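The values are calculated or read from the model by the stated rules, or taken from the named source; none is laboratory data. Because the structure is a prediction, the values reported are computed rather than measured. We place every Cβ from the backbone using ideal geometry, glycine too, and count neighbours over all the protein chains shown. The protein model used for the area step is the full one, side chains on, heavy atoms only, and it has no ligands, DNA or RNA in it. Shrake-Rupley method; radii C 1.70, N 1.55, O 1.52, S 1.80 Å.
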Amino acid sequence: MTHHIVAIGQLPPALNGFSLATGEMVTLLSEAGNVTVCNIGPPSGKLSLLKHPIRFIRVLGACLQLFRDRKRGEPTCYLACDGGLGLIYTSLVVLVARLLAYRIELHHHSFSYIHRPMLLMRCTLAFGGGRLRHIFPCDVMRDRFTDTYQRRTSCSIVSNAAFVMPMETPDIPKDRTHLTIGMLSNLTPEKGLDTFIALARQARAEGLQIKAVLAGPAGKVERFTIDTAVADLGCALDYRGPLYGEAKVSFYRDIDVFVFPTTYDNEAQPLVIFEAKAAGNAVISYDRGCIRKQVDEHDLLVPANGEFVPTALAWLSALLPEPAREPRREAIRQAYRDRHAKARAAASAVFDWHR
């Protein structure tokens, strides 16, 4: 019998970790069976003022698609789980999918309903019943989810490494004596903007041969903070703005250490860390969400309540000078290639109906 998947979630052109991971999962699903795709993401631009009415209409359209496809082979509903009030849409889709006898795979990307139990998630679990299975990016999230809702769940572990392709990078010029750190994110205090700038300032104050590269979109207040820091630090801090395509690849090629001092409460398993490791960059990050499962012996994990700047500077100082920079980068790239292959296999196995 032919297997059919209705894939529902927020998809590009909205550019964030959630939509990008969902888009990559949809691409992978096309290898497992026939797929119908329903984008229930919010509108952008001027239409963003009508965010919720448009999203509600899109969700109703997805529910109608479930009804239309209910007799196509062995139907499965793949649903990327929203956070916060977006769980209203998630719970509605889960209810309709269960009533139509779909197997439901709910893919989690946020700790928003895990740090604190939410009635909407309890409703989602009740609506899904025995037809509902879960996909978590790491066992930390799975265990926290189980503790929060006091129930065992049928689940799979699929790392977001499945959705970030390995990257080849050119050799670093042998005459380069400085170390380059970089941060790429939506540049807000919660994501670590202020901490990254403080790290760059302190590195200069201590006379370390460290340059900093900052990238990503920034609001007006954050842009003022960045411009002030660039004026103060000069060539020691390079702000490149939002990056896409080859410019983004070049960012990872130009740095040695990716710095991600996030304190964002709902952080799960950020794609940027895997992007950095795919390019051969070491990583320094706070311990949030699933990040402890992303880093390895090449990286530095700072405790969630630890002192980031002095801890990071001490670690970076040990890398200066760096005679074995390229062998280290290749070791990180190779380790990531292995991780990506295993994650890809795990993602494919979720939709293996013959297991």
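So, in region 302-324, of the ones that are in contact with a strand residue (DSSP E or B) (Cβ under 7 Å, 6 or more places away or on another chain) and open to solvent by 50 Å² or more (accessible area, probe 1.4 Å), which residue ends up nearest to Val257 (Cα to Cα)? Looking at residues that are in contact with a strand residue (DSSP E or B) (Cβ under 7 Å, 6 or more places away or on another chain) and open to solvent by 50 Å² or more (accessible area, probe 1.4 Å), I get Trp315. Would you tally the residues in region 1-23 being open to solvent by less than 10 Å² (accessible area, probe 1.4 Å) and not in a strand (DSSP E or B)? The qualifying residues number 3. Within region 109-124, residues that are over 18 Å from Val94 (Cα atoms) and of a type in the set (Val, Ile, Thr) sit with their Cβ atoms under 8 Å from residues that are open to solvent by less than 20 Å² (accessible area, probe 1.4 Å) and part of a helix (DSSP H, G or I), at 6+ positions apart or across chains, in these pairs: Ile114/Met141; Ile114/Phe145. Per the conditions (1) touching a residue at least 24 places away in the same chain (Cβ under 8 Å); (2) under 22 Å from Gly129 (Cα atoms); (3) not in a strand (DSSP E or B), the sole criterion not satisfied by Pro75 is (3).
Would region 290-300 turn up any residue that is under 27 Å from Arg204 (Cβ atoms) and either charged (D, E, K, R) or over 19 Å from the mean Cα position of the chain (by Cα) (or both)? Scanning region 290-300, I find at least one residue that is under 27 Å from Arg204 (Cβ atoms) and either charged (D, E, K, R) or over 19 Å from the mean Cα position of the chain (by Cα) (or both), so the answer is yes. Does any residue of region 145-159 turn out to be under 21 Å from His3 (Cα atoms), assigned to a loop (DSSP other than H, G, I, E, B), hydrophobic (A, V, I, L, M, F, W, C) and within 23 Å of the chain's Cα centre (by Cα)? Scanning region 145-159, I find at least one residue that is under 21 Å from His3 (Cα atoms), assigned to a loop (DSSP other than H, G, I, E, B), hydrophobic (A, V, I, L, M, F, W, C) and within 23 Å of the chain's Cα centre (by Cα), so the answer is yes.
Please work out which residue is farthest from Leu106 (Cα to Cα), limiting yourself to region 32-65 and to residues that are at pLDDT below 80 and open to solvent by 30 Å² or more (accessible area, probe 1.4 Å).
Restricting attention to region 32-65, the residues satisfying the condition of being at pLDDT below 80 are 32-33, 44-50.
Filter again for open to solvent by 30 Å² or more (accessible area, probe 1.4 Å), leaving 32, 44-50.
Values: Ala32: 17, Ser44: 25, Gly45: 29, Lys46: 31, Leu47: 28, Ser48: 26, Leu49: 28, Leu50: 26 Å.
That would be Lys46.
When Asp232, Asp238 are checked against the criterion of being outside any helix (DSSP H, G or I) and open to solvent by 50 Å² or more (accessible area, probe 1.4 Å), a single residue qualifies: Asp238. Which pairs turn up if I take residues in region 325-348 that are open to solvent by less than 30 Å² (accessible area, probe 1.4 Å) and look for partners that are assigned to a helix (DSSP H, G or I) and at pLDDT 95 or above with beta carbon separation below 6 Å, at least 6 apart in sequence or on another chain? From residues that are open to solvent by less than 30 Å² (accessible area, probe 1.4 Å), the pairs are Ile332/Lys277; Tyr336/Lys277; Tyr336/Ala278; His340/Ala161; Ala343/Ala161; Ala343/Ala162; Ala347/Ala162.
Name the one entry in Tyr252, Tyr264 that is within 20 Å of the chain's Cα centre (by Cα) and open to solvent by 60 Å² or more (accessible area, probe 1.4 Å).
Numbers: Tyr252 fails: open to solvent by 60 Å² or more (accessible area, probe 1.4 Å).
Being within 20 Å of the chain's Cα centre (by Cα) and open to solvent by 60 Å² or more (accessible area, probe 1.4 Å) holds for just one of Tyr252, Tyr264, which is Tyr264.
Selection over region 251-270 of residues that are at pLDDT below 95 and not in a loop (DSSP other than H, G, I, E, B) gives a count of 2.
The number of residues in region 113-133 being among the small types (Gly, Ala, Ser) and buried (at least 20 other Cβ atoms within 10 Å of the Cβ) comes to 1.
Going by what's in this entry, would Ala304 be described as assigned to a loop (DSSP other than H, G, I, E, B), of a type in the set (A, V, I, L, M, F, W, C) and over 17 Å from the mean Cα position of the chain (by Cα)? Yes; evaluated as a whole, the condition is true for this residue.
Of the residues making up region 271-301, those that are assigned to a loop (DSSP other than H, G, I, E, B), open to solvent by 10 Å² or more (accessible area, probe 1.4 Å) and either farther than 18 Å from Ala212 by Cα or among the hydrophobic types (A, V, I, L, M, F, W, C) (or both) are Asp287, Arg288, Gly289, Val295, Asp296, Glu297, His298. Filtered by the rule that a residue be buried (at least 22 other Cβ atoms within 10 Å of the Cβ) and touching a residue at least 40 places away in the same chain (Cβ under 8 Å), region 82-96 gives Asp82, Tyr89, Val93.
Provide a single number: the residues in region 140-181 that are modelled with pLDDT under 90 and not charged (D, E, K, R).
At the first step, the residues of region 140-181 found to be modelled with pLDDT under 90 are 151-153, 167-178.
After this cut, where a residue has to be not charged (D, E, K, R) as well, the list is 153, 167, 169-170, 172-173, 177-178.
Of the residues in that region, 8 qualify.
Scanning region 187-195 for residues that are among the hydrophobic types (A, V, I, L, M, F, W, C), free of Cβ contacts under 8 Å to residues at least 60 places away in the same chain and touching a helix residue (DSSP H, G or I) at 6+ places or on another chain (Cβ under 9 Å) turns up at least one hit. Whether any residue in region 88-96 is outside any helix (DSSP H, G or I) and either within 22 Å of the chain's Cα centre (by Cα) or farther than 22 Å from Ser156 by Cα (or both) is what I want to check. No, every residue in region 88-96 fails to be outside any helix (DSSP H, G or I) and either within 22 Å of the chain's Cα centre (by Cα) or farther than 22 Å from Ser156 by Cα (or both).
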